[in-house]
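What follows is one structure encoded as structure tokens, with my remarks underneath.
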Amino acid sequence: MSAIGAPAISVCIANFNGIGVIEACIASVKSQTGKLSVEIIVHDDASSDGSVEYIRNHHPDVQLIESTRNVGFCVSNNRMASRARGHYLLLLNNDATLLPDALTSLFQAAQNVGVPAILGLPQYDAETKKLLDAGSLLDPFLNPIPNLDLDRGRVGMVMGACLWIPRNLWHELGGFPEWFGSIGEDLYLCCRARLAGYPVIALSASGFLHQVGHSFGGGKIHRRRLSTNKRRRALSERNKTFVMLITTPLPLLLCLFPAHLASLLLEGIAVSLAKLDRTIFTAIYTPVISALWRHRHRLGRLRRLAQGNRRISVGEWLHVFRPVPYKLTMLLRHGMPELQ
């Protein structure tokens, strides 16, 4: 799928040690129906499994960016976006595969919306083919709540595993904060977009298959229990806290932020005692406080920028939120998470 001149779509695939999944991912892009012009860009994040050689030998038409050191998901995507020439960007995980009409569905929807918008597709489990979400709603503490209503449309966020955004909007929002590293960058981008008045929409058509947890480990239900790991959980708690501080309108922030920090500390104590493992508290929860202090100047600058560009009311901001904390729902449903 290519054409002379600037393509309509730049598919940006962040890859790290994805030798077992990258072929299916790239093949799913190349086998898309329709006549859209597409370029594929892969950023390899210093893989040690032969991914670079495989891509170079089997897909010489793919634009390959080779990093000499591991820089994380945010830097990887920022680099690809700066190289991209397409009118639209599709950020795609290496462990995701598109259904055959995915790009056509996204492109047509982008034309129909009529304004710049972030779009996402229904996400299906690669093994079971079960619908995992069609975007997510949010709880008061910015925990994503999977949306299973294919007709809902506007949501709080769509997953970065398959996120569509006009290139001009990407640059207007400034891309991903590179100091986030990985995890939560999709939440940040979607919250920034909504705050600035740009819709975040989950489509009902087409979709993608996702091997959840392959890229970063954890983040899925295993044997009716939530399975994750300390590193993923630590980054998630830290970056969700960053996003809350940057994007939440002030009247809400004054109420929610102290409650958020208090609930994090209480949660950390409870989980550590339940697991009889003090490293859970020191590895996941206390670093949130130190990170807030360490990045206070960056957070302040981003908050002033985000709130200065706010074009929606507090009521409109709350439209995609649900009042019950999602962690409480998950605790009652699945018990304490398994931490690796």
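Numbers at a glance
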quantity	calculated
Tally of residues being farther than 18 Å from residue 169 by Cβ and crowded, with 24+ Cβ neighbours inside 10 Å across the range 75-96	4
Residues (among the hydrophobic types (A, V, I, L, M, F, W, C) and under 17 Å from residue 320 (Cβ atoms)) located in the range 152-197	155, 157, 158, 159, 163, 187, 189, 190, 191, 193, 195, 196
Members of the range 17-48 found to be at pLDDT 95 or above, part of a loop (DSSP other than H, G, I, E, B) and out of contact with any helix residue (DSSP H, G or I) (no Cβ under 8 Å at 6 or more places or on another chain), listed by number	20, 21, 31, 37, 46, 47, 48
Any hit, the range 99-121, residues being surrounded by 20 or more Cβ atoms within 10 Å (Cβ to Cβ), in contact with a strand residue (DSSP E or B) (Cβ under 6 Å, 6 or more places away or on another chain), under 21 Å from residue 30 (Cα atoms) and among the hydroxyl-bearing types (Ser, Thr, Tyr)	no
Which listed residue, of 291, 306, 274, 262, is farther than 24 Å from residue 249 by Cα and in a helix (DSSP H, G or I)	274
Sole residue being among the hydrophobic types (A, V, I, L, M, F, W, C), without any contact (Cβ under 8 Å) to a residue 60 or more places away in the chain and out of contact with any Pro (no Cβ under 7 Å at 6 or more places or on another chain), chosen from 9, 41, 13, 22	41
Candidates 272, 236, filtered to the one that is under 26 Å from residue 339 (Cα atoms), surrounded by 18 or more Cβ atoms within 10 Å (Cβ to Cβ) and under 20 Å from the mean Cα position of the chain (by Cα)	236
Failed item in (1) closer than 30 Å to residue 253 by Cα; (2) of a type in the set (A, V, I, L, M); (3) surrounded by fewer than 23 Cβ atoms within 10 Å (Cβ to Cβ), with residue 36 passing the rest	(1)
Among the candidates 243, 320, 324, residue that is in contact (Cβ under 8 Å) with a residue 60 or more places away in the chain, surrounded by fewer than 13 Cβ atoms within 10 Å (Cβ to Cβ) and either touching a Lys or Arg at 6+ places or on another chain (Cβ under 9 Å) or not assigned by TED's automatic domain parsing to the domain that holds residue 156 (or both)	324
In the range 152-172, the residues that are outside any loop (DSSP other than H, G, I, E, B) and either crowded, with 22+ Cβ neighbours inside 10 Å or β-branched (Val, Ile, Thr) (or both)	157, 162, 163, 164, 165, 170
Answer from 125, 133, 149 - the residue that is out of contact with any Lys or Arg (no Cβ under 7 Å at 6 or more places or on another chain), within 27 Å of residue 328 (Cα to Cα), surrounded by fewer than 19 Cβ atoms within 10 Å (Cβ to Cβ) and in contact (Cβ under 8 Å) with a residue 24 or more places away in the chain	125
Residue match in the range 112-119 (condition: at pLDDT 95 or above, among the hydrophobic types (A, V, I, L, M, F, W, C) and touching a Gly at 6+ places or on another chain (Cβ under 6 Å))	no
Qualifying residue in the range 198-205 (condition: touching a helix residue (DSSP H, G or I) at 6+ places or on another chain (Cβ under 6 Å), in contact (Cβ under 8 Å) with a residue 40 or more places away in the chain, surrounded by fewer than 21 Cβ atoms within 10 Å (Cβ to Cβ) and outside the structural domain of residue 288 (by TED's automatic domain parsing))	yes
Flag if residue 292 is aliphatic (A, V, I, L, M) and either farther than 30 Å from residue 337 by Cβ or without any contact (Cβ under 8 Å) to a residue 12 or more places away in the chain (or both)	no
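Conditions (1) touching a helix residue (DSSP H, G or I) at 6+ places or on another chain (Cβ under 9 Å); (2) modelled with pLDDT of 95 or more, marked per residue:
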residue: 296; (1), (2): no, yes
residue: 301; (1), (2): no, yes
residue: 305; (1), (2): yes, yes
residue: 309; (1), (2): yes, yes
residue: 316; (1), (2): yes, yes
residue: 322; (1), (2): no, yes
residue: 332; (1), (2): no, no
residue: 336; (1), (2): yes, no
residue: 340; (1), (2): yes, no
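The values are calculated or read from the model by the stated rules, or taken from the named source; none is laboratory data. Keep in mind it's a predicted model, so treat the numbers as computed, not measured. Using ideal geometry, Cβ is built from the backbone for each residue, glycine included, and neighbour counts are taken over all protein chains shown.
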